[in-house]
Amino acid sequence: MQSPIIIRSKLPNTGISIFARMTALANQHGAINLAQGFPDFPPPKRLVSLVADAMRKGHNQYAPMPGVPDLREAIADKTKDTYKCKVDAEKEVTVTAGATYGLFAAFQALLHEGDEVLVFEPAYDSYVPGIQLAGAEPVFVELHAPDYSIDWEGVKKKINARTRAILINTPHNPSGTCWTKNDLLQLEKIVVGTDIIVISDEVYEHITFDDGRHESVLRYPKLAQQSIVISSFGKTYHNTGWKMGYVIANESITKEFRAVHQFLVFSVNTPMQYAVAQFIREAPEHFQDLPQFYQRKRDFFLEAVKDSRFSFTPASGTYFQLLDYSAISDEQDTVFAERITAEFGVAAIPLSPFYRGPVGDRVLRFCFAKSEKTLEKAAAILCRI
C-alpha cells in the first residue's frame, strides 16, 4: 500500500544496521554466524528457574519505575565489592530495558540542541543516531588498527564551549581493546572542573583477559561524579534477549535520567528483576569467573585460526576478536565480509560501518561467544580462505 503522506525522516542517512544485514546474509547462505554478538549457549539454569519462580510467586505486574529495590541494592553491593565505589541504591541506580535503551535515554535526558558529544570511532552503531535524535552533534576521534590507542592531545583539541559530553566504551566494541588506567586519568584531567558529562558504556565490564582489570569510571571518585555508567545483564548472564541493564550516576544526573525513563518504558520486566537480584547474591562467582570463561574461548578460537592467512592481536576484552585479512585481499571490508559469508559460509562484521567515513584498515570482527564446536567449524573454514 502506497502512502500519500510525505514523511520527513529524522535519520535520513540511516539504513539497516550492519548487524541485521550480515545476520540476514548468514541466514540466506546457511553460514556460521560469528557476526552478531550473541552466545549460542543458554543462560545459567538456576537463573532461568528463578524467573519461573518469580512468576509463580506473583511478581507479574509493573515494577517500580527505577527498578525493584532488591535488584538495585544488589547492584549497589556488587558495585561496591567490584570497584570500591559506594552508590546509593535508591537515588543512583536505575534498572533499564537493556543497555542500548539506557544510552538512548541518557542522550535524551542530558543533551540539548547544539551540544557536542565526543565519540571515539569505531563506534557502536546506536551512538550517533541517538545523539542526533537528541539534537546534539557528534564530534569524532578516530582510533585505528592494530592497537586503537588514544591520542589525548588530539582529544583536548576537540574540546570547546559546546562540548557537553564524552562518550566512552571500554572494554571496546568492536575492537576488543580495553582502556588503561592512564586513559582514565587523562580523561579525568579533561573533565574535572568542567560541566562535561562522561557517558560510559561498560557492558563488557566483566569480560577482560590476561589478568587485565576493567578500568571503570567508578574506580575514580572525581570522574564518577561527572559520569553516567551504562551496564548490561545480557552480556554477563548470556541472555541478550532479555534486554535488561542498568545505569549508575549521581543523584542529580539520575534525576534527569529518570525524568525521561518514566515516559519511555516506565519500568522493566518484573519477574526477571527479582530473579537477577537473587542470582547476583547467590552466585557472584558467575560474573567473577567470566574472564576465564571467555578467555578460554578466545584462546581456543585463536589457536584454531593460527595457521590461516589472517593475522591478529589477541583481544584484551569483550567477546570479539579482530582478524586482519590484508594478506588475503585488498577488497573493501564490507565486500570481503559479504564474499566470505556467501562463498565460504562464515559471517563476520566489517569495521568500516563503525566509522563515519572510509577507512583503510583491513579487519573483520568475529564473535567467539560460541560453543567450541561452532568455533572449531568456523575456524576450519577460515583456514581455507
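The values are calculated or read from the model by the stated rules, or taken from the named source; none is laboratory data. Everything quoted here is computed from the prediction, not taken from an experiment. Neighbour counts are summed over all protein chains in view; Cβ atoms, including those assigned to glycine, are modelled from backbone coordinates with ideal geometry.
Restricted to the stretch 349-377, and to residues that are part of a helix (DSSP H, G or I) and not small (Gly, Ala, Ser), which residue is farthest from LEU322 (Cα to Cα)?
LYS373
Can you pull out the residues in the stretch 78-109 that are among the charged types (D, E, K, R) and in contact (Cβ under 8 Å) with a residue 40 or more places away in the chain?
LYS78, ASP81, LYS84, ASP88, LYS91, GLU92
Looking only at residues that are among the charged types (D, E, K, R) and under 18 Å from ILE228 (Cβ atoms) in the stretch 67-79, which one is surrounded by the most Cβ atoms within 10 Å (Cβ to Cβ)?
That would be ARG72.
How many residues does the stretch 72-98 contain that are assigned to a helix (DSSP H, G or I) and over 18 Å from HIS206 (Cα atoms)?
Start the filter on the stretch 72-98 by keeping residues that are assigned to a helix (DSSP H, G or I), which leaves 72-83, 89-92.
Still in the running and over 18 Å from HIS206 (Cα atoms): 72-73, 89-92.
Residues in the stretch 72-98 being assigned to a helix (DSSP H, G or I) and over 18 Å from HIS206 (Cα atoms): 6 in total.
Restricting attention to the stretch 111-128, which residues are farther than 17 Å from ILE197 by Cα, modelled with pLDDT of 95 or more and not aliphatic (A, V, I, L, M)?
GLU121, PRO122
Does the stretch 227-240 contain at least one residue that is without any contact (Cβ under 8 Å) to a residue 60 or more places away in the chain, more than 15 Å from the chain's Cα centre (by Cα) and surrounded by 21 or more Cβ atoms within 10 Å (Cβ to Cβ)?
Yes - at least one qualifying residue is present in the stretch 227-240.
Among the candidates ALA20, ALA24, which residue alone is outside any loop (DSSP other than H, G, I, E, B) and more than 16 Å from GLU343 (Cα to Cα)?
Exactly one residue qualifies, and that residue is ALA20.
Among the residues in the stretch 258-275, are any free of Cβ contacts under 8 Å to residues at least 24 places away in the same chain and at negative phi?
yes
Tell me, yes or no, whether the stretch 52-66 has at least one residue that is surrounded by 11 or more Cβ atoms within 10 Å (Cβ to Cβ), touching a Pro at 6+ places or on another chain (Cβ under 7 Å), in contact (Cβ under 8 Å) with a residue 40 or more places away in the chain and not aliphatic (A, V, I, L, M). Please lay out each step first, then the result.
Keep residues of the stretch 52-66 that are surrounded by 11 or more Cβ atoms within 10 Å (Cβ to Cβ), which gives 52-55, 59-60, 63-66.
With touching a Pro at 6+ places or on another chain (Cβ under 7 Å) added as a condition, the list becomes 54-55, 59-60.
Okay, now just the ones that are also in contact (Cβ under 8 Å) with a residue 40 or more places away in the chain, so 54-55, 59-60.
Now narrow it down to the ones that are not aliphatic (A, V, I, L, M): 59-60.
Looking for residues that are surrounded by 11 or more Cβ atoms within 10 Å (Cβ to Cβ), touching a Pro at 6+ places or on another chain (Cβ under 7 Å), in contact (Cβ under 8 Å) with a residue 40 or more places away in the chain and not aliphatic (A, V, I, L, M), one finds at least one in the stretch 52-66, hence yes.
Quick check on the stretch 33-65: of everything there that is small (Gly, Ala, Ser) and over 18 Å from GLN278 (Cβ atoms), which residue is nearest to the chain's Cα centre (by Cα)? Give the derivation first.
So in the stretch 33-65, the residues small (Gly, Ala, Ser) come out as 35, 37, 49, 52, 54, 58, 63.
Add one more test, that the residue is over 18 Å from GLN278 (Cβ atoms), and what stays is 35, 37.
Working: ALA35: 14, GLY37: 10 Å.
Top of the filtered list is GLY37.
Look at PHE140 and say whether it is in contact with a strand residue (DSSP E or B) (Cβ under 7 Å, 6 or more places away or on another chain) and either under 19 Å from LEU185 (Cα atoms) or part of a loop (DSSP other than H, G, I, E, B) (or both).
So PHE140 does not fit the description; no.
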